[in-house]
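One structure below.
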């Protein structure tokens with residue numbers, strides 16, 4: 001997260017505040033210390049970039065969207081609720097920005113299934129693949145293929161389920177944080193996760209139960 | 001807790017986010033129910049696999065400085081009243 005130390009430019013104005021909590025930094029920014037903004041940006045721009053890139057199909061827009069997210073952070077610092085977690089707030093802004101983008105462009109991140117799962121393994125083999133921790137060259141090739149297909153399938157998930165999967169698996173947030181970002185109860189987030197994984201398992205042919213409600 | 005209820009809390013369990021009370025209950029159930037245990041392991045395997053294939057897309061070279069420069073420019077423009085409107089709908 002947030003490297004760029006060697007990139008010069010604004011780095012010289014960044015406050016050395018690696019141990020200062022985000023919430024304090026945003027408070028300082030709200031009070032007028034703009035140097036704190038660069039520190040906040042360095043802490044979060046990489047993960048927000050990744051989050052947005054996984055959500056939108058036109059990758060050339062990602063940089064603009066990240067920029068817009070942090071401009072909103074900058075301008076809205078004084079509106080930050082100090083009882084909330086800053087990371088959840090910035091992700092919430094990012095999610096709203098992504099939704100605005102979808103609305104503007106009428107699209108979300110979707111890929112055609114040009115490379116369907118097909119029959120390159122069979123159910124039992126796929127199951128073995130998932131559970132086999134040893135990586136040999138051949139297995140690695142199939143692993144990569146499987147992984148690519150899995151990404152395509154994640155992109156096909158309903159928007160809200162996909163957002164939960166991305167925030168949980170790729171961005172390592174807790175379910176509580178995701179609930180705050182998505183503005184919904186924890187139980188809803190857990191349901192979305194459950195339905196999403198159930199769908200993926202079914203699409204992959206590894207869901208023996210074949211039931212959305214199944215474990 | 002029966003099998004149907006376990007499914008509602010299994011993800012908190014797998015990610016270590018279940019509270020102590022739930023943790024004890026889930027563990028007790030998985031110890032005696034092989035079917036749920038097998039399912040939980042299958043889910044955990046899939047989640048591990050997705051995670052293992054997750055790569056970080058590095059921010060393109062120079063983008064950090066570009067974005068920062070632009071944000072500061074726009075923020076200053078707004079402050080001096082020459083730019084966009086306010087930002088009440090930010091979140």
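Observations
- Meets criteria (facing chain A (nearest Cβ under 7 Å), surrounded by 16 or more Cβ atoms within 10 Å (Cβ to Cβ) and under 16 Å from the mean Cα position of the chain (by Cα)) for residue B:12: yes
- The single condition from (1) at pLDDT 60 or above; (2) more than 10 Å from chain B (Cβ to nearest Cβ); (3) touching a helix residue (DSSP H, G or I) at 6+ places or on another chain (Cβ under 7 Å) that residue A:170 fails is (2).
- Note on the range A:69-96: among residues that are more than 9 Å from chain B (Cβ to nearest Cβ) and under 21 Å from residue B:60 (Cβ atoms), the one that is surrounded by the most Cβ atoms within 10 Å (Cβ to Cβ) is A:69.
- One residue from A:108, A:100 being farther than 30 Å from residue A:29 by Cβ and either at pLDDT 95 or above or surrounded by fewer than 19 Cβ atoms within 10 Å (Cβ to Cβ) (or both): A:108
- Flag for residue B:24 being at pLDDT below 95 and either within 7 Å of another protein chain (Cβ to nearest Cβ) or within 29 Å of residue A:152 (Cα to Cα) (or both): no
- Condition met for residue B:39 (crowded, with 18+ Cβ neighbours inside 10 Å, out of contact with any helix residue (DSSP H, G or I) (no Cβ under 7 Å at 6 or more places or on another chain) and at pLDDT below 95): yes
- Looking only at the range A:183-202, residues that are within 8 Å of another protein chain (Cβ to nearest Cβ) and surrounded by fewer than 17 Cβ atoms within 10 Å (Cβ to Cβ) come to 1 in all.
This table checks each residue for (1) farther than 23 Å from residue A:49 by Cβ; (2) at the interface with chain A (Cβ under 7 Å from one of its Cβ atoms); (3) in contact (Cβ under 8 Å) with a residue 60 or more places away in the chain; (4) touching a strand residue (DSSP E or B) at 6+ places or on another chain (Cβ under 8 Å).
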site: B:31; (1), (2), (3), (4): yes, no, no, no
site: B:37; (1), (2), (3), (4): yes, no, no, no
site: B:41; (1), (2), (3), (4): yes, no, no, no
site: B:46; (1), (2), (3), (4): yes, yes, no, no
site: B:54; (1), (2), (3), (4): no, yes, no, no
site: B:74; (1), (2), (3), (4): no, yes, no, no
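Residues checked against (1) at pLDDT below 95; (2) over 25 Å from residue A:143 (Cβ atoms); (3) touching a helix residue (DSSP H, G or I) at 6+ places or on another chain (Cβ under 8 Å):
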residue	(1), (2), (3)
B:3	yes, yes, yes
B:18	yes, yes, yes
B:53	yes, no, yes
B:58	yes, no, yes
B:77	yes, yes, no
B:85	yes, yes, no
B:91	yes, yes, yes
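The values are calculated or read from the model by the stated rules, or taken from the named source; none is laboratory data. Keep in mind that this is a model prediction, so the values were computed, not measured. Note that we place each Cβ from the backbone using ideal geometry, even for glycine, and neighbour counts take in every protein chain shown.
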